[in-house]
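So the structure is just underneath, and the comments pick up after that.
The values are calculated or read from the model by the stated rules, or taken from the named source; none is laboratory data. Remember, predicted model here, so these are calculated numbers, not experimental data. When we count neighbours, we look across all protein chains shown, and the Cβ atoms used for this are built from the backbone with ideal geometry, even at glycine. These area figures cover heavy atoms from the full protein model, side chains too; ligands, DNA and RNA do not enter into them. Shrake-Rupley method; radii C 1.70, N 1.55, O 1.52, S 1.80 Å.
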Amino acid sequence: MATESWHERSKTVQIDGRAVVDGKRVDAVSGAHFDCISPIDGRKLGEVARCTESDVDLAVHSARAAFEDGRWSGKAPVDRKRTLIRFADLMLAHKDELALLETLDMGKPIRYSRSVDVQLAQNCIRWYGEAIDKIYDEVAPTAQDSLALIQREPVGVVAAIIPWNYPMLMAAWKIGPALAAGNSLILKPSEKAPLTSLRLAELALEAGVPEGVFNVLPGYGDEAGKALGLHMDVDCIAFTGSTRVGKQILQMAGQSNLKRAWTELGGKSANIVCADCPDLDAAVAGAIGSIYFNQGESCNAPSRLFVEESIREAFLEKALAMIPKYAPGDPLDPDTVMGAIVDSIQMKTVLGYIEDGKASGARLLAGGQAARAETGGLYIEPTLFDGVDASMRIAREEIFGPVLSVLSFTDLDEAVRQANSTSYGLAAAVWTADMSRAIRTARRLRAGTVHVNQYDSDDITVPFGGYKQSGNGRDKSLHAFDKYTELKTTWIQI
Ligand code: NAD
């Protein structure tokens, strides 16, 4: 679709910001709502229900009733499979609508909302649907006079709290395994990007997910989110977001009913490029493409680049030649690769880090400014700092914007030490033609995912999650079922 058509279509979008509780669209109990503003141009898209503790109580009650009467939890896996595949099919049938909502809501380019976000999200739900009737339980190797069954059971009522950077995909990473395993779910999207979650709940109902099994409560973190974290009848909380709030989620679990608490948190990932990397162009494209993808608002963005000193100049020359391609543009133009920053708070945070980098003595080689102010939207130029020192804030803290910090090294051991000297451990990469060196380095990097001679490979079949303060669980792959199931042992005397 051409840019004009997307703009035309965006003018006719109807926003229904009401919550989804017990299969119905409802206002918040208090009647309160908040404005949903598009970062593309500052336009108000609509009003969204501001759910609080009373709404959480209703949703938990509905989810619990659904779980107990077995309308979903008691279905055969093959039946849940069919429904989830219908749900994924409906997402594909509504691909343009979902992509447009995502782009208007949080500012990412429409080309990626369509080809990445909707595509991966529907695939995730489809994949867990397809998986669930192919997983067998176990019989333990006990003595002959008994039989011990080890079975997975759904954990019960699951609350999922998600961030705004990949709203639909982060929702799908929770919805897929949680629903496939037979749980009831309450999803709280970010107040900064709630629209696709609400629409997903409608599509799930249309696909045949029974009422009460999938509820969506939009609202603020310290209201709806906190009420979910502290609720005594939520069995499991699956959180994706900042490390700061992730720590609070774990405390809330401890303060309440010790609900299972899973956290997928921030990152400051290191990308190490050795002088013998097999393809310098590919290394540059990987580094630049990955840090500026999604406006730099990716938890696993390789925001610390360690380049071996002997190739630093050649690397930077190629990187600087590539950066203009990432200049922010109209997110509704299918050629745009860098869109808008989600809101004015995030914009201020990122610009603040850029000022901090300059003040601490790093060399600003590209970007550093706000852009496209005339549109009324929020945009930042792709920014690159060279000469960054490991002690600077731009080398230590998650910026979550289009800012790359370049550090150089002469000794790989020292680069690995610095790469690991962070509280985060989400992702890392090493580029070298020497496979033994690559494997030795990959083993030493303390991160949930390590890439060798590439950065952005991704597939639903591999787990995703962090070491250290990047969190404690894994999304994606069959391992995600560990979060949404309990293990039951049944002893039978023969
Ligand atoms: P955030 O922690 O501010 O908010 C995340 C969610 O938590 C939102 O829905 C928010 O409303 C809610 N929340 C906020 N305060 C809360 C509270 N007191 N109690 C309960 N809920 C609360 O994070 P964000 O700004 O939305 O997202 C960016 C962060 O998410 C980054 O740190 C990024 O790295 C991380 N992230 C991690 C992954 C991963 O898989 N590891 C994926 C995407 C994003």
Can you find a residue that is crowded, with 17+ Cβ neighbours inside 10 Å, at positive phi, more than 16 Å from the ligand (Cβ to nearest atom) and part of a loop (DSSP other than H, G, I, E, B) anywhere in segment 134-155? no
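How many of the residues making up segment 349-382 are without any contact (Cβ under 8 Å) to a residue 40 or more places away in the chain and outside any loop (DSSP other than H, G, I, E, B)? Steps first, please.
Here is the first cut: in segment 349-382, the ones without any contact (Cβ under 8 Å) to a residue 40 or more places away in the chain are 351-352, 355-356, 358-361, 363-364, 368-370, 373-374.
Of the ones still in play, those that are also outside any loop (DSSP other than H, G, I, E, B) are 351-352, 355-356, 358-359, 363-364, 370, 373-374.
Residues that pass the stated criteria total 11.
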Candidates 177, 163, filtered to the one that is open to solvent by 10 Å² or more (accessible area, probe 1.4 Å), touching a residue at least 40 places away in the same chain (Cβ under 8 Å), touching a helix residue (DSSP H, G or I) at 6+ places or on another chain (Cβ under 9 Å) and not small (Gly, Ala, Ser): 163
Taking residue 172, is it within 16 Å of the ligand (Cβ to nearest atom), without any contact (Cβ under 8 Å) to a residue 60 or more places away in the chain and under 29 Å from residue 330 (Cα atoms)? yes
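With respect to residue 293, determine if the residue is part of a helix (DSSP H, G or I) and among the hydrophobic types (A, V, I, L, M, F, W, C).
The answer is yes for residue 293.
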Got at least one residue in segment 194-206 being within 21 Å of the chain's Cα centre (by Cα), within 16 Å of the ligand (Cβ to nearest atom), touching a residue at least 40 places away in the same chain (Cβ under 8 Å) and farther than 17 Å from residue 169 by Cβ? no
Flag if residue 330 is part of a loop (DSSP other than H, G, I, E, B), open to solvent by 10 Å² or more (accessible area, probe 1.4 Å) and under 30 Å from residue 439 (Cα atoms): no
Please work out if residue 249 is open to solvent by less than 10 Å² (accessible area, probe 1.4 Å), within 10 Å of the ligand (Cβ to nearest atom) and not charged (D, E, K, R). yes
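Report whether or not residue 353 is within 19 Å of residue 301 (Cβ to Cβ), surrounded by 18 or more Cβ atoms within 10 Å (Cβ to Cβ) and touching a Pro at 6+ places or on another chain (Cβ under 8 Å). Full working, then the answer.
Numbers: within 19 Å of residue 301 (Cβ to Cβ): yes; surrounded by 18 or more Cβ atoms within 10 Å (Cβ to Cβ): yes; touching a Pro at 6+ places or on another chain (Cβ under 8 Å): no.
Judged against the criteria, residue 353 is not a match.
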Cβ-Cβ under 8 Å pairs, at least 6 apart or on other chains, segment 223-244 side farther than 19 Å from residue 54 by Cβ and open to solvent by 10 Å² or more (accessible area, probe 1.4 Å), far side more than 9 Å from the ligand (Cβ to nearest atom) and part of a helix (DSSP H, G or I): 240/174; 243/469
Restricting the search to segment 446-466, which residues are crowded, with 19+ Cβ neighbours inside 10 Å and under 30 Å from residue 182 (Cα atoms)? 448, 449, 460, 464, 465, 466
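Residue by residue, here is whether (1) of a type in the set (Ser, Thr, Tyr); (2) in contact with a Gly (Cβ under 7 Å, 6 or more places away or on another chain); (3) within 30 Å of residue 221 (Cβ to Cβ) holds:
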position	(1), (2), (3)
46	no, yes, yes
67	no, yes, yes
74	no, no, no
98	no, no, yes
